[in-house]
Amino acid sequence: MLSYLILGGTYAFAAAVQPGQLQAYLISQTMANGWRRTMPAAFAPILSDIPVIALVLLVLTRLAGLVLPLIQLAGGVFLLYLAWGAFRAARAYAAAVTAPTRPPHRTLLDAVLVNLLNPNPYLGWSLVLGPLLIRAWRQSPATGLAFVAAFYATMVAVTAAIVLVVALARSAGPRIARVLVGLSAVALAGIGIYQLWSGAAALVRRS
């Protein structure tokens, strides 16, 4: 179970600090409305991912056993691609603050919509998290639930920390974010290598 807790938390950290639509929205709202009104939006990934998880698991659980290792291999390549992009972004990081603002009472709902229309959760759950969750669940339901809990607990915590960093240290925010993005590149590369190794090992066992 511990390995799945680490995997879930590590991937969540890497995903949360990646420059993207949701992060840009949170930064802009923090700048415009303050951290207290923006903080509820840190829970947006939990709400927006519910239909994504249901759809992905519905498809993955109906695939033949040989397909999941191939998806893991594809996921490993995808993670290494993201790691390279994160490394490049860390070298020239600039916090995006141009996302349109919304009334404070709509911050959470707007953040959910932003994340729901973002392709990254679909790619992440279909290529990485979905296969990992299925493997964890087959080990034991408690392991599968622990994996999901570790992922979303870390995602919410890191997202909330980003909001606080922007609010409390606006001048230092981009520099801190640059360090976080650099760390995410390392995390993504590590999980990508693990995915490639795990997928290849599964194919060897089936051959």
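The values are calculated or read from the model by the stated rules, or taken from the named source; none is laboratory data. Just so it is clear, the structure is predicted and the values come from calculations on it, not from any experiment. Neighbour counts are summed over all protein chains in view; Cβ atoms, including those assigned to glycine, are modelled from backbone coordinates with ideal geometry.
I need the full set of residues from segment 81-107 which are modelled with pLDDT of 75 or more and either among the small types (Gly, Ala, Ser) or buried (at least 19 other Cβ atoms within 10 Å of the Cβ) (or both), in order please.
Ala83, Gly85, Thr107
Would a scan of segment 177-186 turn up a residue that is modelled with pLDDT of 85 or more, within 28 Å of Val56 (Cα to Cα) and in contact with a Leu (Cβ under 9 Å, 6 or more places away or on another chain)?
Checking segment 177-186: not a single residue is modelled with pLDDT of 85 or more, within 28 Å of Val56 (Cα to Cα) and in contact with a Leu (Cβ under 9 Å, 6 or more places away or on another chain).
Identify, by number, the condition in (1) out of contact with any Leu (no Cβ under 6 Å at 6 or more places or on another chain); (2) more than 17 Å from Phe147 (Cα to Cα) that Pro40 doesn't meet.
If we test Pro40 against (1) out of contact with any Leu (no Cβ under 6 Å at 6 or more places or on another chain); (2) more than 17 Å from Phe147 (Cα to Cα), just (1) comes out false.
Going through Thr38, Thr30 one at a time, which residue ends up being more than 30 Å from Trp197 (Cα to Cα) and at pLDDT 80 or above?
Of Thr38, Thr30, the one residue that is more than 30 Å from Trp197 (Cα to Cα) and at pLDDT 80 or above is Thr38.
Among the residues of segment 40-66, how many are touching a residue at least 24 places away in the same chain (Cβ under 8 Å), assigned to a helix (DSSP H, G or I) and over 18 Å from the mean Cα position of the chain (by Cα)?
So the answer is 2.
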